[in-house]
Each structure stands twice: as C-alpha cells, then as structure tokens.
Amino acid sequence: MNNIIKSPVVVALDNMTMEASLALADQLDPALCRLKVGKELFTRCGPDMVKALHQRNFDVFLDLKFHDIPNTTAQAVLAAAELGVWMVNVHASAGLEAMSLAKQRLLDNGFDTLLIAVTVLTSMDNEALMQTGITDGLDAHVSRLAQLTKQAGLDGVVCSAQEAKTLKALCGQDFKLITPGIRLLEDNADDQKRICTPKQALSAGSDYLVIGRSITQAENPAAKLQKILQSI
Ligand SMILES: O=c1ccn([C@@H]2O[C@H](COP(=O)(O)O)[C@@H](O)[C@H]2O)c(=O)[nH]1
C-alpha cells in the first residue's frame, strides 16, 4: 500500500480499455487519488490491470461487489486480498454469515485489506428499492444493512453521502463510509439518483469519495481532479 498522505478521492476507471485506463492513470498522481477497478475493467483485463496500477504506485479498490454463498464470498475476498488490493467489497445483502466468514478468512490468512459492504446502490431511489420488495423505506434499509455489516466485523460500507451523517451516528466514527454518486454542480447526474457534491459529502462524514465519469470523461481529467480537490 502507498503510504503517502493523500486525498479522499477514489477515481473509478469505467468505460475504458486497459490502454486507456493506464493512459489516464499516467496523468494522475498517486498522492492525490486512489483508483477503483470495477466489474467492467476487471472482466476485460483481469489481475494484470491491478498489477499495472500497483506498479504505478496506486492503491486499488477492487469493486467487484461479491454476492454469493458464504464460502464462495469468503474465497473471492481472499483471492482479491492476494492481489494486494487496498480495499475490496461484498454486498451486505449476502448476509451476516457471508460477511463474517469473509472478514475471518482475511484475518486467518494475515490480510489487513479493507473489507466493506454495499448497502443500497446509489443509482436507486426509494421507488426502485420498493420494486425489489423492500417497502419500509430506503433510509431504513441502508441503516439496517450498515448495522449488519458492522456486526459482521467489516470496516465500513458503500452508501450515498446523503446517508453519511446518520450512519456515522449509528455505526461510529471509525466505521468507514465510501460514497459514490459524487458530482460537482456543473456535472450530469447520469444514472446516479442519490448524489452529493464532494464538499457536502465530506461535511456529512464520508471518508472516501468515489468519482468516475466526472473525472474520466472530462477534457482534462487531472485538471478536473484538481478542481474537485480545491472544492473541498
Ligand atoms: O452504490 C454504488 C456502488 C458502486 N458504485 C460505483 O461507483 C462508480 C461511480 O461512477 P460515476 O461515474 O461517478 O457515477 C461506478 O464505478 C459504480 O460502479 C456506484 O456508483 N454506486
């Protein structure tokens, strides 16, 4: 892991080939951001992508959102840790047993890789959640899944910054909140429903801001990152 003091920004490398992702990484400074490899890039390029980013001294969040039976979830998390990633995640809705076993599997094998769980995707609003059969409200469901994640011994959750204040009060200051759905006022929301600006997110208690298209699709991604850092 890169130990330089750095910003809370994690840049999501989506909608790009390996070559384009590495060209973008080469424009960014590992002291100013971490990088996120998600399902698209990992499915295209595999562990070589993670290795290439590590060679460039970036911390990598492997955002594969594992959601499976306990043994499969735990083994997948272990495989991610073996790649040397900084952080990896599962879906909290995989349940207490899957999350607890995954954390235990990391500890049993000597890994201090951060393990976090997705609560409710930031692309969902209350109506979308209700369509899945969860009818007692989005905020209640996010809080319930965050508490389950804490009970399982994980390091934190992925949530919207709109829920950050409540979750810090509920789960404690040390419980990490990783928040996608971050946009400057000038940016398009795209498919994100629960959004905040970087400044609002940090004020509410977010620990890490996951930012993709706002940076990666900017004419000058490094300048856009600087603008975001200046805004906070
Ligand atoms: O609830 C979630 C969980 C993960 N994501 C991921 O974050 C980035 C956001 O990208 P933007 O381009 O800034 O919208 C993306 O990789 C998602 O897979 C999320 O958005 N919400």
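Derivation of every value follows stated rules applied to the coordinates shown; laboratory data play no part. A quick note: this is a predicted structure, and the numbers were derived from the prediction, not measured. Note that we place each Cβ from the backbone using ideal geometry, even for glycine, and neighbour counts take in every protein chain shown.
Quick notes
- Computed [θ] at 222 nm, helices only, for the chain once each DSSP H run of length n ≥ 4 contributes -39500 (n - 2.57): -12500 deg cm²/dmol
- Cα-derived Rg over Rh, computed across the range 9-231 with Rh taken as Kirkwood radius: 0.95
- Within straight-line cross-link reach of Lys227, lysines at Cα separation under 20 Å, skipping those fewer than 8 residues along the same chain: Lys6, Lys36, Lys199
- In range of the label at Thr166: residues from the range 92-135 whose backbone nitrogen is under 18 Å from the point 7 Å along Cα→Cβ: 92-93, 117-135
- Centroid-to-centroid separation of the range 18-68 and the range 151-202 [C-alpha atoms, Å]: 21
- Each of Phe175, Phe61 has some number of other Cβ atoms within 10 Å of its Cβ, and from fewest to most they run Phe175, Phe61.
- Kirkwood Rh and Cα Rg combined as Rg/Rh, the range 1-77: 1.00
- Long pairs among Lys65/Lys176; Lys51/Lys103; Lys51/Lys224, criterion Cα-Cα beyond 19 Å: Lys51/Lys103; Lys51/Lys224
- GluC sites (Glu not before Pro), loop per DSSP, at most 12 other Cβ atoms within 10 Å - longest free stretch of the chain: 1-185
- Computed over the range 173-212: relative contact order in percent, which uses C-alpha pairs under 8 Å that are six or more apart: 53
- Surface/4 estimate of mean projected area, convex hull on alpha-carbon atoms of the range 26-157, nm²: 8.8
- Computed from the C-beta positions of Arg56 and Ala189, the FRET efficiency with R₀ = 22 Å rounds to 0.15.
- Label zone at Ala79, where the point sits 7 Å out along the Cα-to-Cβ direction: the range 17-45 residues whose backbone N lies under 19 Å: 37-45
- Arranged from fewest to most other beta-carbon atoms within 10 Å of their beta carbon, Met130, Met124, Met99 become Met130, Met124, Met99.
- Spin-label pair Leu96-Lys6: with each label point 7 Å from Cα along the Cα-Cβ axis, the two points sit 3.6 nm from one another.
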